[in-house]
Amino acid sequence: MQRNYNFAFLDEGSKREIRRAILKAVAIPGYQVPFASREMPIGRGWGTGGLQVTLSCIGPNDVLKVIDQGSDASVNAVSIRSLVHETTGVETTTVTADATLIQSRHRIPELPLRRDQLMVLQVPMPEPLRTYEARESVTRRLHAEAEYTGAYLELFEQIVRYGSTTTGADHPVMVQDRYVMAPSPIPRFDNPKLNDAESLFLFGAGREKKIYAVPPHTKVESLAFEDYPFVREDFEGKRCCICGAAGVYMTQTIDPVTGEKAWQCSDTDYCAERLEEGGSDE
């Protein structure tokens, strides 16, 4: 049965409302802008916020790439890519350099993004203060007053208990010396990629009905202390078992031949490009 959808699925009024929220988010980096999150043909918590941002921003001449934890082939990535393609007819790609719009869950590509590329990140929990303050009215007041003692206290308690901060993904960041922001559940390894970047980053949380942004060349610093500086995941001495890359974010896997633990590039496109080029040492 053939269905005729409006371009990019959403009605034009919905897309205009979301774009207005995006404009406000870009004007106030790191600030969470409420929006009327629509019902989507995927479950809330599976990327509805990022999808609505993508559908509101995409145009007929865009080239779309969708990744899930660095992979173009996961169920989440394939489903979202298929939905956007079916309702827009835009070209899709798995090559980061060829894309004009990239939607991602949990990763920022290894290849530095250009100023003509738009990065959309799916966000499950946009409020970085929620872990110690459940009331939305209070967290909004804390942001308005730039009162972030609780965020630093959480990190301090981790250091006292474990000797270092224990946040893995979604380590909070300070945007433009003003707002503490949740950078989506990207690994700490990707946090520095938000700082002074060439591209625009948009964050969509459908279940929580929030949109926020990091414009190009914006100062983004991960929360830390002078005597306990922010550190990324350490992959020193490790190389990708497929392409031989070093100095990139990797996931642990099992070598199918030896059965031993091995490391592999999380970014499958980066790995494939290196393999095609011969996998030169770094």
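Structure values in brief
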item: Residue match in the range 223-245 (condition: farther than 27 Å from residue 51 by Cβ, in contact with an Asp or Glu (Cβ under 8 Å, 6 or more places away or on another chain) and small (Gly, Ala, Ser)); result: yes
item: Residue selected from the range 111-166 under the condition among the hydroxyl-bearing types (Ser, Thr, Tyr) and open to solvent by less than 30 Å² (accessible area, probe 1.4 Å), by the criterion nearest to residue 35 (Cα to Cα); result: 139
item: Members of the range 102-121 found to be of a type outside the set (A, V, I, L, M) and closer than 17 Å to residue 173 by Cβ, listed by number; result: 104, 106, 107
item: Of all residues in the range 268-282 being open to solvent by 50 Å² or more (accessible area, probe 1.4 Å) and either within 30 Å of residue 152 (Cα to Cα) or in a loop (DSSP other than H, G, I, E, B) (or both), the one that is modelled with the highest pLDDT; result: 277
item: Verdict on residue 212 being in contact with a helix residue (DSSP H, G or I) (Cβ under 8 Å, 6 or more places away or on another chain) and in contact (Cβ under 8 Å) with a residue 12 or more places away in the chain; result: yes
item: Single unsatisfied condition, residue 99 versus (1) farther than 22 Å from residue 224 by Cβ; (2) open to solvent by 20 Å² or more (accessible area, probe 1.4 Å); result: (2)
item: Lone unmet requirement of (1) under 16 Å from the mean Cα position of the chain (by Cα); (2) within 19 Å of residue 123 (Cα to Cα); (3) modelled with pLDDT of 95 or more for residue 55; result: (1)
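The values are calculated or read from the model by the stated rules, or taken from the named source; none is laboratory data. Bear in mind that the values here come from a model prediction, so they are computed numbers and not experimental data. Glycine gets a Cβ as well: all are built from the backbone with ideal geometry, and neighbour counts include every protein chain shown. For accessibility, only protein heavy atoms count, side chains too; no ligands or nucleic acids. Shrake-Rupley method; radii C 1.70, N 1.55, O 1.52, S 1.80 Å.
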